[in-house]
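> My structure is below; once you've seen it, I'll send some questions.
The values are calculated or read from the model by the stated rules, or taken from the named source; none is laboratory data. All values reported here derive from a predicted model rather than from experimental measurement. No Cβ is skipped: glycine too gets one built from the backbone with ideal geometry, and neighbour counts run over all protein chains shown. Quick note on the areas: whole protein, heavy atoms, side chains included, nothing else; ligands and nucleic acids left out. Shrake-Rupley method; radii C 1.70, N 1.55, O 1.52, S 1.80 Å.
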Amino acid sequence: MKVDDIEKSSKKVCLKDKYRAYFPIGTAINSEMIERYGSIITDNFSSITLENEMKFSKIHPFEGEYSFEESDRLVEYALDNKMFVRGHTLVWHESVPDWLFNDNNHIVTRELLLDRIKEHIHTVVGKYKGKVYCWDVVNEVIDDSEELFYRHTPYYKIIGEDYIEKAFQYAHEADSDALLFLNDYNVCIGHKCEKIYKLVKRLKEKDVPIHGVGLQGHYNINYPSIDAIRKGIERIAELGIQIQFTEMDISVYGYEDRRKDLLMPTSEMMERQAESYGRLFELLREYKDVITGVTLWGVADDYSWLHDFPVEGRKDWPLLFDESLCEKDAYNSVIDW
Ligand code: GLA
């Protein structure tokens, strides 16, 4: 064996290579994470989502004033490293600046709000045309309850339900090659999944340019069952559009578990988490024909939004790398098969 061959055969296969024939594996990052995680990101992930830097209040904090510094930096980083960029997100009821729904101390009219959304989407999507390959055009627009269909956000209350199709149209006008997604959580819950199904079906019937549904995938070690996730995938797949898992993490706490005092996860938690990740990725591989991307919401357990949710200031360990940036059993269960 030549030295080169030995090196090749001993080089460990990383996540993105292992899944090359399946789907891009992504992670959500910010600028600090680029420095901190270095080659862990570039070795393992072939796609990135900007954690917050493209959200409305970050990128367009004041009327007529955009702030592209951070988003530019992250997009350039991704392109330099030959990664895909998922755009996240154009219309969401959170992370909105105060000025958006306000006009001279009155609630903005439907017409003015539509103009503002159009201008925002045209500017942001237009700026990253050819660089960002897909967009979460609308995020979390479906209500969680069985009674209401749409979430009653200011967008919905001021404009009416057609704000959704308008947002897709504006995004398509700005970049006709971009893949356009509706992103939401709890697609594993029957009634929510049905509402998403109905909405997307209606949009497609009206020729609204929508290409996929994003399933956020914020799970925990008890929930949801693989069967429930499978049912969600199958139902959405009937629409003949793409599915992406867009924000995956697996908390070590069941949702009802509000303990605050754990300094370390128990070994049982870690085992169950590794099993959950393993089973989940096995399922995703099974549906590779319809799943076109899987993104984790972070890289390592030193930094996660779950350190403040659902219990403020509580540590969680939801990702594939531990706090010392070593691969966890969860990582191995996703890669060893
Ligand atoms: C939602 C949003 C994401 C992110 C996560 C966790 O799911 O879509 O952008 O903010 O919550 O914080």
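> May I ask you to verify whether residue 208 is in contact (Cβ under 8 Å) with a residue 24 or more places away in the chain, surrounded by 18 or more Cβ atoms within 10 Å (Cβ to Cβ) and closer than 30 Å to residue 31 by Cβ?
No.
> For the stretch 33-56, name all the residues that are open to solvent by 10 Å² or more (accessible area, probe 1.4 Å) and away from the ligand (no atom under 16 Å from the Cβ).
Those that are open to solvent by 10 Å² or more (accessible area, probe 1.4 Å) and away from the ligand (no atom under 16 Å from the Cβ): 34, 35, 36, 38, 39, 40, 42, 43, 46.
> Being in contact with a Gly (Cβ under 9 Å, 6 or more places away or on another chain), within 16 Å of the ligand (Cβ to nearest atom) and more than 23 Å from residue 289 (Cα to Cα): is that true of residue 220 here?
Yes.
> Can you tell me how many residues within the stretch 90-105 are under 11 Å from residue 54 (Cα atoms) and more than 16 Å from the ligand (Cβ to nearest atom)?
0
> For residue 277, are the conditions met, namely being in contact with a strand residue (DSSP E or B) (Cβ under 7 Å, 6 or more places away or on another chain), part of a loop (DSSP other than H, G, I, E, B) and within 25 Å of residue 140 (Cα to Cα)?
no
> List every residue pair whose Cβ atoms sit under 6 Å apart, with the two residues 6 or more apart in sequence or on different chains, where the first one lies in the stretch 290-313 and is farther than 23 Å from residue 183 by Cα and part of a loop (DSSP other than H, G, I, E, B) and the second, anywhere, is within 12 Å of the ligand (Cβ to nearest atom) and of a type in the set (Phe, Trp, Tyr).
Listed pairs, sorted by first residue: none to list.
> Moving on. Just give me the residues in the stretch 112-160 being among the charged types (D, E, K, R) and within 23 Å of the chain's Cα centre (by Cα), in sequence order.
Correct list: 118, 127, 129, 131, 136, 140, 143, 144, 151.
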